[in-house]
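**Student:** I'd like to ask some things about the structure below.
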Amino acid sequence: MDDKIVLEDDLGNLRRSHYSFEISRKNVNEEVVVVGWISSKRDHGNVLFLQLRDQFGEVQIVVKKKETSLQLFKTLRNLKEHSSLAITGVVVEQKNSSSQIEILPKEIKILSISNKPPPFLTQAISSIGIDTRLDLRAIDLRRNYLQFVFKIRNTIINSIREYFNENYFIEVNTPKMIATATEGGAALFPIFYYDREAFLAQSPQLYKEQLTMAFESVFEIAPIFRAEPSRTNRHLSEAISIDAEKAYVDYRDMMEHLEKLIRHIVNRINSKNANELENLGIKLPNVSGSFPRITYTELINNLQANHKFIRWGDDISPKILKDIFSDEFFFITDWPASMKPFYVKSITPGNAQKESAIDEKNLLSESFDLMFGGLELSSGSTRINNKDLLIENMKKKGLNSTAFDYHLRVFDYAMPPHAGFGLGLERLVMALLKLENIRDATFYPRDIDRLTP
Ligand code: AMO
């Protein structure tokens, strides 16, 4: 084996003249500078074919032995995939390739050498253990499959900003180091905050509510932290939440917004990522009609009528929901108040819908979950905007209301009626792209077993 050490070149003043997608037959005979990494290599003895990958795609480099110095040819032949090159060369026609061109190099700079064979490159994503991939995530993310997923994720984030901007929502940022919990069930990560204990934010809930006083309509795209003890394919310890909150509306208005937001996202992906969808073999769900809405009570009655053992007040398992709704968006509305956090407004007998509240334990709430099959994508509700009611509800849920003084204080200045939702970005990506594991919807997943890379 020739293990000769080759020195890596400096980039110096050399810069790319064209991305791969910018070179076509119209550039034949032109000199170009392309840079990128080798995604594959074919050795035909006297000719080497290198696929050079950049941010957008690939271009084929043809290195002919008789036109290259022996030393360089040998170096290139031994170069492993993932090595980075800068190539100054001439564009020539190549009828058999999809781009119809290839590049004959005049000068090759080796910018960075991979010293290990690639651990995974072309295998199907499902054939390699996810832990092996995550241990070397930056390399894993170079694979086509994940490139398509993250390009679509990028469209999703842009289209979310587009939707909210068009609808006069202001983008906000709320603190991620906080003093109190908001989302009952999910456990908190404690941190040291100078000489006090603090927590990583489970949700921007209380801050986004307060900000409706100043800005009326707000949204945030930011991490939430949940100390989830379970190992599932749908929970992360750090996820990205898309939060919206708006004054002078109720939960039904926010369901409308959420539905329109999802429609906007799906339409944008269809128009911007046709190529990625085709490569992933994915057809996005049809979202032209309005999403079915079913109340929690109707759903429980249906399940009981179909001999499922489930009581009013129980959580409904993803499996049961998936069997009924398979792959479609739908809302479950009007949840028992006992199943929702303290800030969620109850349906009072005065403005009750048909299943009016009878006593405390049967109380319903102005709330919804957006589901996709068995996967919960979002929760939302009308919030309590009356200070006394909020304190009462905190007590009912066993919370110490004095810990929330910083929040309750603003309610003395007439908190307007308001409603909102939180939508899990990774869950949405997972649902739309039919990912098996939520970890592939995020760059560097965090879970109970993983804190690196
Ligand atoms: P909830 O706790 O239901 O509601 O969270 C909202 C959405 O965030 C996503 N999500 C998660 N995604 C991945 N891993 C997790 N561990 C995780 N936890 C939550 C889900 C979920 O539907 N403050 C309310 C929202 C509101 O009422 O505005 C809240 O946090 O997609």
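**Student:** When you go through Asn165, Asn173, Asn158 one by one, which is the residue that is within 18 Å of Met430 (Cα to Cα) and either more than 17 Å from the chain's Cα centre (by Cα) or at pLDDT 95 or above (or both)?
**Tutor:** On the way: Asn165 fails: within 18 Å of Met430 (Cα to Cα); Asn173 fails: within 18 Å of Met430 (Cα to Cα).
Matching residue, one of Asn165, Asn173, Asn158: Asn158.
**Student:** On the given criteria, is Phe291 assigned to a loop (DSSP other than H, G, I, E, B), farther than 30 Å from Thr180 by Cα and touching an Asp or Glu at 6+ places or on another chain (Cβ under 9 Å)?
**Tutor:** Numbers: assigned to a loop (DSSP other than H, G, I, E, B): yes; farther than 30 Å from Thr180 by Cα: yes; touching an Asp or Glu at 6+ places or on another chain (Cβ under 9 Å): yes.
Spelling it out, Phe291 is indeed assigned to a loop (DSSP other than H, G, I, E, B), farther than 30 Å from Thr180 by Cα and touching an Asp or Glu at 6+ places or on another chain (Cβ under 9 Å).
**Student:** Still on this model: Please note which strands (runs of 3 or more DSSP E) are completely contained in region 320-399 and include at least 1 residues that are at pLDDT below 95 and within 13 Å of the ligand (Cβ to nearest atom).
**Tutor:** none
Matching residues to (1) in a strand (DSSP E or B); (2) open to solvent by 30 Å² or more (accessible area, probe 1.4 Å); (3) aliphatic (A, V, I, L, M):
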| residue | (1), (2), (3) |
| --- | --- |
| Asn29 | no, yes, no |
| Val34 | yes, no, yes |
| Arg42 | yes, yes, no |
| Phe49 | yes, yes, no |
| Leu52 | yes, no, yes |
| His82 | no, no, no |
| Ala86 | yes, no, yes |
| Gly89 | yes, no, no |
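Condition check ((1) surrounded by 14 or more Cβ atoms within 10 Å (Cβ to Cβ); (2) assigned by TED's automatic domain parsing to the domain that holds Asn270) across all residues:
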residue	(1), (2)
Gln94	yes, no
Glu102	yes, no
Ala138	no, yes
Phe199	yes, yes
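**Student:** Okay, moving on. In region 278-288, how many are surrounded by fewer than 16 Cβ atoms within 10 Å (Cβ to Cβ) and in a helix (DSSP H, G or I)?
**Tutor:** Qualifying residue count for the region: 2.
**Student:** Which one of Asn275, Asn302 is assigned to a helix (DSSP H, G or I), of a type in the set (S, T, N, Q) and either closer than 30 Å to Ser346 by Cβ or not assigned by TED's automatic domain parsing to the domain that holds Ile178 (or both)? Can you show your working first?
**Tutor:** On the way: Asn275 fails: either closer than 30 Å to Ser346 by Cβ or not assigned by TED's automatic domain parsing to the domain that holds Ile178 (or both).
The match here is Asn302.
**Student:** Applying the selection to region 110-133, what residues are open to solvent by less than 70 Å² (accessible area, probe 1.4 Å) and under 20 Å from Leu280 (Cβ atoms)? Steps first, please.
**Tutor:** Going residue by residue through region 110-133, those that are open to solvent by less than 70 Å² (accessible area, probe 1.4 Å) are 110-114, 118-121, 124-125, 128-130, 133.
Across region 110-133, the qualifying residues are Phe120, Leu121, Ala124, Ile125, Ile128, Ile130, Arg133.
**Student:** If you don't mind, there's one more thing I want to ask. Taking the residues in region 236-253 that are part of a strand (DSSP E or B) and touching a Phe, Trp or Tyr at 6+ places or on another chain (Cβ under 9 Å) as candidates, determine which candidate is farthest from the ligand (Cβ to nearest atom). Walk me through it before giving the result.
**Tutor:** Initially, region 236-253 is screened for residues part of a strand (DSSP E or B), giving 238-247.
Next cut, touching a Phe, Trp or Tyr at 6+ places or on another chain (Cβ under 9 Å) only: 238-239, 242-247.
On the way: Glu238: 8, Ala239: 4, Ile242: 9, Asp243: 6, Ala244: 7, Glu245: 7, Lys246: 11, Ala247: 14 Å.
Going through the qualifying residues, I end up with Ala247.
**Student:** While we're here: With the requirement that a residue be over 17 Å from Ser39 (Cβ atoms) and buried (at least 17 other Cβ atoms within 10 Å of the Cβ), what does region 140-155 give you? I'd like the intermediate steps shown before the answer.
**Tutor:** Looking only at region 140-155, we keep the residues that are over 17 Å from Ser39 (Cβ atoms), and these are 149, 152-155.
Across region 140-155, the qualifying residues are Val149, Ile152, Arg153, Thr155.
**Student:** Identify, please: which residue in region 10-27 is surrounded by fewer than 16 Cβ atoms within 10 Å (Cβ to Cβ) and either of a type in the set (Gly, Ala, Ser) or not assigned by TED's automatic domain parsing to the domain that holds Ile101 (or both) and is, among those, farthest from Gln100 (Cα to Cα)?
**Tutor:** By that ranking, first place goes to Gly12.
**Student:** For region 416-453, how many residues meet the condition of being open to solvent by 10 Å² or more (accessible area, probe 1.4 Å) and assigned to a strand (DSSP E or B)?
**Tutor:** Residues meeting the conditions: 4.
**Student:** Residue under question is Leu390, and the condition is that it be within 19 Å of Arg226 (Cα to Cα) and among the hydrophobic types (A, V, I, L, M, F, W, C); does it hold?
**Tutor:** On the way: within 19 Å of Arg226 (Cα to Cα): no; among the hydrophobic types (A, V, I, L, M, F, W, C): yes.
Criteria not met by Leu390.
**Student:** Return only the number of the condition from (1) open to solvent by 60 Å² or more (accessible area, probe 1.4 Å); (2) in contact (Cβ under 8 Å) with a residue 60 or more places away in the chain; (3) among the aromatic types (Phe, Trp, Tyr) that Phe404 does not satisfy.
**Tutor:** (1)
**Student:** Tell me, which residue of region 400-415 that is outside any helix (DSSP H, G or I) and not small (Gly, Ala, Ser) is nearest to the ligand (Cβ to nearest atom)?
**Tutor:** Here is the first cut: in region 400-415, the ones outside any helix (DSSP H, G or I) are 400, 414-415.
Subsequent filtering for residues that are not small (Gly, Ala, Ser) retains 400, 415.
Numbers: Asn400: 20, Met415: 16 Å.
The residue in question is Met415.
The values are calculated or read from the model by the stated rules, or taken from the named source; none is laboratory data. Being a predicted model, the structure only gives us computed values, none of them experimental. Virtual Cβ from ideal backbone geometry, glycine too; neighbours counted across all protein chains shown. Areas reflect the complete protein model, heavy atoms only, side chains present, ligands, DNA and RNA absent. Shrake-Rupley method; radii C 1.70, N 1.55, O 1.52, S 1.80 Å.
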